[in-house]
Amino acid sequence: MKRINISITTKGSLNKAIEQLEQYKKNLIAKTELFVSKLLDIGINTAKDNSGAYGQYIFFYKEIDSNEFGCTGLLIAADSKKIISQWYRGGQLVSAEVSPLLMSEFGSGWLAKVYFPSVDGEVGQGTFPEQRHAFDPNGWSWTDENGVTHHSIGERPTHPMYSALMAMIYEINAMAREVFGNG
């Protein structure tokens, strides 16, 4: 911030200082919005680069809420559509709805355990409906709706949102210097 000089004896000096402070406040709010926006852009680009095979089904966007007290930015990811996975079991066609975003972030089956060993519970290995072979390191076979048999050990997680967070953390100091300056 540049120095603001006030002269008590000069007429209008206090009003001029108030005007300068108001202008500084406006500039600070604008720079804060720019800072948050640029960080979110880094996050979005990183998330897109780490979406793997499901990237075509996921979209990322940002929302920025700014007021005189601060600025909040959200990096939002959403499935553009759910994927219906179908396969034959016992001669009967079965299906399940798959979230491309969750599959991309957390993976499935044995590969989810290899790349995300600490995840237990609602996401990750063994959480896909009726996934009896998820913990088998040799994988499993499944027959698609065209009758073709495939082997799988799961889906490798690519961590788009985690990668976005890490990229924003890594760039935060450089971005602050770029937007706010060194002083």
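Numbers below:
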item: Among (1) part of a strand (DSSP E or B); (2) without any contact (Cβ under 8 Å) to a residue 60 or more places away in the chain; (3) out of contact with any Cys (no Cβ under 7 Å at 6 or more places or on another chain), the one test that Ile64 misses; result: (3)
item: Conditions (1) more than 22 Å from Trp140 (Cβ to Cβ); (2) surrounded by 14 or more Cβ atoms within 10 Å (Cβ to Cβ): number failed by Val98; result: (1)
item: Flag for Val179 being farther than 22 Å from Gly55 by Cα, surrounded by fewer than 16 Cβ atoms within 10 Å (Cβ to Cβ) and either touching a residue at least 60 places away in the same chain (Cβ under 8 Å) or not polar (S, T, N, Q) (or both); result: no
item: Filter result for Asn50 (surrounded by fewer than 18 Cβ atoms within 10 Å (Cβ to Cβ) and under 24 Å from the mean Cα position of the chain (by Cα)); result: no
item: Among (1) surrounded by fewer than 14 Cβ atoms within 10 Å (Cβ to Cβ); (2) in a helix (DSSP H, G or I) - the single one Thr10 does not satisfy; result: (2)
item: Enumeration of residues in region 142-180 that are among the polar types (S, T, N, Q), under 21 Å from Pro100 (Cα atoms) and modelled with pLDDT of 70 or more; result: Ser152, Thr158, Ser163
item: Members of region 97-114 that are at pLDDT below 80 and of a type outside the set (Val, Ile, Thr); result: Gly107, Ser108, Gly109, Trp110, Leu111, Ala112, Lys113
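Every residue, every condition in (1) modelled with pLDDT of 90 or more; (2) among the charged types (D, E, K, R); (3) in contact with a Cys (Cβ under 9 Å, 6 or more places away or on another chain), yes or no:
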{"position": "Thr32", "(1), (2), (3)": "yes, no, yes"}
{"position": "Asn45", "(1), (2), (3)": "yes, no, no"}
{"position": "Thr72", "(1), (2), (3)": "yes, no, no"}
{"position": "Asp79", "(1), (2), (3)": "no, yes, no"}
{"position": "Ser95", "(1), (2), (3)": "no, no, no"}
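Conditions tested, residue by residue: (1) on the phi > 0 side of the Ramachandran plot; (2) of a type in the set (Lys, Arg); (3) in contact with a strand residue (DSSP E or B) (Cβ under 8 Å, 6 or more places away or on another chain); (4) not in a strand (DSSP E or B).
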residue	(1), (2), (3), (4)
Arg3	no, yes, no, yes
Tyr24	no, no, no, yes
Leu28	no, no, no, yes
Leu34	no, no, no, yes
Gly55	no, no, no, yes
Ile76	no, no, yes, no
Leu93	no, no, yes, no
Ala96	no, no, yes, no
Glu105	no, no, no, yes
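To keep it simple, each residue is scored yes or no on (1) more than 23 Å from the chain's Cα centre (by Cα); (2) surrounded by 15 or more Cβ atoms within 10 Å (Cβ to Cβ); (3) under 22 Å from Asn173 (Cβ atoms).
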| site | (1), (2), (3) |
| --- | --- |
| Thr32 | no, yes, yes |
| Leu39 | no, yes, yes |
| Ile58 | no, yes, no |
| Asn67 | yes, no, no |
| Ala78 | no, no, no |
| Arg89 | yes, no, no |
| Leu93 | yes, no, no |
| Glu105 | no, yes, no |
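The values are calculated or read from the model by the stated rules, or taken from the named source; none is laboratory data. Because the structure is predicted, anything quoted here is derived from the model rather than measured. Positions of Cβ are backbone-derived with ideal geometry, glycine not excepted, and every protein chain shown enters the neighbour counts.
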